[in-house]
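Accompanying notes for the structure given below.
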Amino acid sequence: MSRLNLTLVLTVVLALFAAGSASAQTQLLQIDQELPLAAVLDNPCTTRIEAISFTGKTQMHQEVWLMSGDKPRLVVDESTTLQGTDTAVLFGEASATYVASSANSLDIEFFPGAATIMNFKKVNNTASPDDFHVVLTLDFDPLSLKLLPSLTAACNDGSPAP
C-alpha cells in the first residue's frame, strides 16, 4: 500500500471515528417554555405567622440529551420573577411587598430516572430585611422529559419550611 493510500485510509477512519463520537449523544427534547407560578408560603425565618401569596413566572429553555452509556444530560437556563403580599395581615394593615427574581443555568449528566433541581431565590421585602428564600424546585419527569416546577420556602441556611 502506498504512503498516499495509507494516509487517505487513515484520514477516512479518523473522520468516521469523529462522526461516531459526535453521534454518541442524541437530543431527545428541546423546548422553550413560560411557566406560571403561584404559591402561598410562610416565611420560615420569622416566628410571625405569614401567608405570602406569590405569583410570577419562570422562563425556561430546556434540552435533554441521551449520552453514551444511556446517561441523560440536562441543559437548563431559567429566569424566575415572583411578587407577593402577606394575606395574613390584620384587616386594615398594609402588607409589605415581597419580590424574588434571579436566573440560573446548569448542564448536568445524571443516572437514569427522576432528578430534582433546587434553585434558591432571595426574597426582598419593603418592610424589613431577612434571610427568606423561595426555592424553585424543578422535578425531572423521566416519562415526559420535562421539568415540573414547584415553590417552597427556606431560611438562608437552607432549612425547609416546617
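The values are calculated or read from the model by the stated rules, or taken from the named source; none is laboratory data. Being a predicted model, the structure only gives us computed values, none of them experimental. Virtual Cβ from ideal backbone geometry, glycine too; neighbours counted across all protein chains shown.
Applying the criterion of being among the charged types (D, E, K, R) and modelled with pLDDT of 95 or more to the residues of segment 12-49, the residue that is farthest from Val123 (Cα to Cα) is Asp32. Counting residues in segment 67-74 that are of a type in the set (A, V, I, L, M), under 17 Å from Ser128 (Cα atoms) and at pLDDT below 95 gives zero.
Residue count for segment 57-78, restricted to those that are exposed (fewer than 15 other Cβ atoms within 10 Å of the Cβ) and not in a loop (DSSP other than H, G, I, E, B): 5. Among residues that are loosely packed, with under 12 Cβ neighbours inside 10 Å and modelled with pLDDT of 90 or more, Ser159 is not included.
Scanning segment 29-51 for residues that are farther than 15 Å from Leu136 by Cβ, surrounded by 12 or more Cβ atoms within 10 Å (Cβ to Cβ) and either of a type in the set (Phe, Trp, Tyr) or over 15 Å from the mean Cα position of the chain (by Cα) (or both) turns up Leu29, Val40, Asp42, Asn43, Pro44, Cys45, Thr46, Glu50, Ala51.
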